[in-house]
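The values are calculated or read from the model by the stated rules, or taken from the named source; none is laboratory data. Computed from a prediction, not measured in an experiment: that's the story for all the values here. Quick reminder, even Gly has a Cβ in these numbers, built from the backbone with ideal geometry, and neighbours come from all protein chains shown.
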Amino acid sequence: MFTDDGIKLFLSIRAQDIQTGLQSHQVPYFENLPLIGMAARLAIHIRGRDAIEYELLKQIAAYLFGVPQMSFQNVIEVLQEVGFIRVVRNPSRERRVMPQVPYFKNLYEGLSEYADIKGINEYEKASVTILNRLASGPVSQRTILKELCLDTQTADLVLNAGKAGAYINSFNRSDGDEVLISPVYFSEKPDELAKVIEKQGVELAFKTLEAIRKHPGWPLSAIQKNLAIGDIKLHPEQVIFIREILQRGILQPPAVETNSGSNYFLFTPPIGNEKIPVVEKEIYEKAMALIAAVRQGQHFANFPIKSPLAVLRALQRDSWLRPTTEAKEQWRAVALLRICKVIPVRSGWHEVHLISTEENQKALNLALQLFEMGDVTEERGLNPEAQLMIASGGIYHETLRGLGMVKSLPPVPGSQSHIINMVDNLMEGIQYGT
């Protein structure tokens with residue numbers, strides 16, 4: 001289905017974003033994508049839990065995740081097929097769901113592989129591809145539709161669904177071209193971003209933001225000096241673009257204060273919006289501070305860190321780092337955020353110890369995800385209310401609401417020609433039994 005392995009990996013992540021946005025709408029031209037999205041959303045909420053009553057989970061899924069009760073069994077079957085749950089019966093013959101959901105990208109790899117094998121239709125594939133592209137930055141509608149070879153009808157349907165689900169938005173440039181943007185990734189100051197794109201160009205903006213996402217926490221001074229972000233060379237106009245989005249507050253880089261001055265480290269904005277909650281801003285800020293600390297050691301230490309990722313993995317594994325003479329400066333901002341303690345061990349030497357709280361563990365996990373994938377997976381779409389419901393095992397009387405949900409969902413508008421084609425196909429089926 002997808003020859004691009006990068007997009008294939010993100011298939012279920014984008015399906016989750018799309019389904020989260022569209023849970024209050026019917027999209028008749030989507031087939032398997034909603035099912036994959038529902039499975040992903042349910043999986044992250046039951047991960048790490050003990051046995052859950054089947055009927056309770058069915059009600060919660062309908063109430064909070066928009067899973068029609070008639071579709072719940074299909075979602076359960078998907079999760080069983082990929083090995084994320086077992087369904088057992090207790091002595092009273094009541095069904096219980098036993099979660100065995102993996103962490104990090106293994107969750108999404110398993111569901112993406114399932115979706116790729118089962119197949120998704122042209123509308124779903126276009127939706128996933130467009131949203132995956134918008135995860136790196138704004139894109140010209142004319143450009144991406146040409147790249148995907150989409151006809152007008154398909155493009156209209158896909159964009160209508162995206163706008164109804166609040167995971168695609170657009171604004172017009174003075175030359176008449178329409179720029180697509182995902183509010184999931186750029187929910188803060190979209191008007192300011194539009195002004196910069198109008199001035200600098202959408203392709204330049206996309207390439208620059210994509211480079212920042214691929215190399216989170218790259219220092220601003222190194223970008224200006226080397227005209228590069230990691231291994232990606234930049235045009236001088238891209239550096240001008242970076243300065244402008246910094247001045248407008250679209251990007252708000254954390255700083256590491258040193259005796260020789262301040263170093264600033266670039267990140268794309270925190271992911272998520274009101275309709276598609278993905279990551280708490282405070283957790284994201286802590287993750288940025290952790291990455292900034294290891295980037296400081298990579299670029300500005302007297303004895304540079306060779307692998308920032310290895311340092312973060314060691315901190316996660318051991319909850320402490322070996323003493324160095326530069327730890328105090330490097331980890332000062334992290335200590336101020338109460339993520340780590342910087343402990344003196346001898347004159348000029350300090351150890352770093354993780355303060356083991358749930359919030360700090362989440363931030364460290366997120367920092368590792370940003371390094372490894374350039375995106376958020378672990379806490380993506382997590383709903384605390386749903387977790388509390390599942391964990392408490394309480395009784396919720398939402399059955400009737402769940403049963404009526406499908407009938408009450410407003411449809412996403414389609415094009416006139418698409419509606420006519422659907423009616424024609426239905427008529428043929430009625431007349432000829434096809």
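Within this structure, Gln238 passes the test of being more than 30 Å from Lys328 (Cβ to Cβ) and in a helix (DSSP H, G or I).
May I ask you to verify whether Glu210 is among the charged types (D, E, K, R), within 19 Å of Ile291 (Cβ to Cβ), out of contact with any Asp or Glu (no Cβ under 8 Å at 6 or more places or on another chain) and at pLDDT below 95? Judged against the criteria, Glu210 is a match. Counting only helices (runs of 4 or more DSSP H) that sit wholly inside segment 1-81, those with at least 2 residues that are of a type in the set (Asp, Glu) and on the phi < 0 side of the Ramachandran plot are 5-22, 69-81. Restricting attention to segment 241-258, the residues that are assigned to a helix (DSSP H, G or I) and either within 30 Å of Thr325 (Cα to Cα) or among the aromatic types (Phe, Trp, Tyr) (or both) total 1. May I ask you to verify whether Thr129 is assigned by TED's automatic domain parsing to the domain that holds Gln19, more than 21 Å from the chain's Cα centre (by Cα) and either not aliphatic (A, V, I, L, M) or not in a helix (DSSP H, G or I) (or both)? So Thr129 does not fit the description; no. The residues listed here are Val27, Val78; of these, the one that is at pLDDT 95 or above and either crowded, with 24+ Cβ neighbours inside 10 Å or under 24 Å from the mean Cα position of the chain (by Cα) (or both) is Val78.
Reported count of residues in segment 82-109, each being of a type in the set (Phe, Trp, Tyr) and assigned to a helix (DSSP H, G or I), is 1. Within segment 390-411, the presence of at least one residue that is in contact with a Leu (Cβ under 9 Å, 6 or more places away or on another chain), modelled with pLDDT of 70 or more and hydrophobic (A, V, I, L, M, F, W, C) is confirmed.
Which one is farthest from the chain's Cα centre (by Cα) among residues in segment 333-355 that are surrounded by fewer than 17 Cβ atoms within 10 Å (Cβ to Cβ) and under 18 Å from Phe300 (Cα atoms)? Only one residue fits best here, namely Gly348. Do we find a residue being in the same structural domain as Leu150 (by TED's automatic domain parsing), crowded, with 20+ Cβ neighbours inside 10 Å, over 23 Å from the mean Cα position of the chain (by Cα) and farther than 21 Å from Lys275 by Cα anywhere in segment 89-103? For segment 89-103, residues in the same structural domain as Leu150 (by TED's automatic domain parsing), crowded, with 20+ Cβ neighbours inside 10 Å, over 23 Å from the mean Cα position of the chain (by Cα) and farther than 21 Å from Lys275 by Cα: present. Considering only segment 223-240, state which residues are closer than 24 Å to Gly261 by Cα and buried (at least 19 other Cβ atoms within 10 Å of the Cβ). Within segment 223-240, Ile223, Ile229 qualify. Inside segment 190-232, residues that are among the hydroxyl-bearing types (Ser, Thr, Tyr) and in a loop (DSSP other than H, G, I, E, B) make up a count of 0. Taken over segment 169-189, the criterion of being under 22 Å from the mean Cα position of the chain (by Cα) and part of a loop (DSSP other than H, G, I, E, B) is satisfied by Ser182, Pro183, Val184, Tyr185, Phe186, Ser187, Glu188, Lys189.
Here the helices (runs of 4 or more DSSP H) wholly within segment 273-344 that include at least 2 residues being of a type in the set (D, E, K, R) and closer than 15 Å to Val256 by Cβ are 281-299, 327-330. Look at (1) farther than 20 Å from Gln252 by Cα; (2) surrounded by 15 or more Cβ atoms within 10 Å (Cβ to Cβ); (3) not acidic (Asp, Glu) and you find that Lys306 fails only one, number (2). Do we have Asp156 as touching a residue at least 60 places away in the same chain (Cβ under 8 Å), of a type in the set (D, E, K, R) and either in contact with a helix residue (DSSP H, G or I) (Cβ under 7 Å, 6 or more places away or on another chain) or buried (at least 21 other Cβ atoms within 10 Å of the Cβ) (or both) here? No. If the condition is being surrounded by fewer than 19 Cβ atoms within 10 Å (Cβ to Cβ) and either of a type outside the set (A, V, I, L, M) or closer than 29 Å to Leu366 by Cβ (or both), then segment 110-124 contributes Glu113, Asp116, Lys118, Gly119, Asn121, Glu122. Scanning segment 172-182 for residues that are modelled with pLDDT of 90 or more and surrounded by fewer than 22 Cβ atoms within 10 Å (Cβ to Cβ) gives a single hit, Glu178. Cβ separations smaller than 6 Å between residues 6+ apart or across chains give the following pairs from segment 107-121 residues that are in contact (Cβ under 8 Å) with a residue 12 or more places away in the chain to residues that are surrounded by fewer than 22 Cβ atoms within 10 Å (Cβ to Cβ) and of a type in the set (Lys, Arg): Ser112/Lys8; Asp116/Lys8.
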